[in-house]
Amino acid sequence: MVRNSCSSIESRILNYVNSTRNRRGLHPVLPSKELIHCAEKHSGTMAHRGSIFHGDCGPLTGSYENCGMIPKGRVIGFKDEIRTDTDIARALHQQWMRSHTGHRENILDPHHRFAGIGVKRRGNEFFATELFHH
């Protein structure tokens, strides 16, 4: 049985974001403690409620948010079974990059300088929030 670490998934998501940005000639986003705190709090609330929703980041006006959830196991739209931290991070990043509701644009916005990523687990589901700021 594979044990998963939310902090490991968060780091891997940030690596995917910056790798994607780099391939398009964009500067990397830097982690922001304030954004990370807010993203972790929001992911925790989503996990507690068992649903995905966009939240209010309070004093972080002007931030842009991506929210998502991925379960472990077989998932429609993904060729391989999702088991490891890398699988979970890749699947979440792919969901956001395939999105037509602004998630992809948030990742690729050339004005974004900072990011915060929070992942929380509920059973076999991983709830994630990405926050970006200029």
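You will find that of V29, V17, the residue that is touching a His at 6+ places or on another chain (Cβ under 6 Å) and modelled with pLDDT of 95 or more is V29 and no other.
Given the structure, is F126 over 18 Å from I70 (Cα atoms) and not in a loop (DSSP other than H, G, I, E, B)? Step through it out loud before you land on a result.
Numbers: over 18 Å from I70 (Cα atoms): no; not in a loop (DSSP other than H, G, I, E, B): yes.
No, not satisfied.
Among the residues making up segment 1-45, those that are closer than 19 Å to M97 by Cβ, open to solvent by 20 Å² or more (accessible area, probe 1.4 Å) and among the charged types (D, E, K, R) are E10, R12, R23, R24.
I'd like to verify a number: residues in segment 85-125 that are open to solvent by less than 50 Å² (accessible area, probe 1.4 Å) and more than 16 Å from V17 (Cβ to Cβ), how many?
So in segment 85-125, the residues open to solvent by less than 50 Å² (accessible area, probe 1.4 Å) come out as 85-89, 91-93, 96-97, 99, 102-103, 106-109, 112, 115-119.
If we keep only those that are more than 16 Å from V17 (Cβ to Cβ) as well, we get 87.
Here the count works out to 1.
Every residue, every condition in (1) over 16 Å from F127 (Cβ atoms); (2) modelled with pLDDT under 90; (3) not in a helix (DSSP H, G or I), yes or no:
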site	(1), (2), (3)
E40	no, no, no
S51	no, no, yes
D56	yes, yes, yes
P59	yes, yes, yes
M69	no, yes, yes
I88	no, no, no
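The values are calculated or read from the model by the stated rules, or taken from the named source; none is laboratory data. Keep in mind the model is a prediction, meaning the values are calculated, not measured. Reconstructed Cβ throughout: ideal geometry from the backbone, glycine too, with neighbour counts over all protein chains shown. Note: accessible area is taken over every heavy atom of the protein model, side chains too, but ligands, DNA and RNA are not part of it. Shrake-Rupley method; radii C 1.70, N 1.55, O 1.52, S 1.80 Å.
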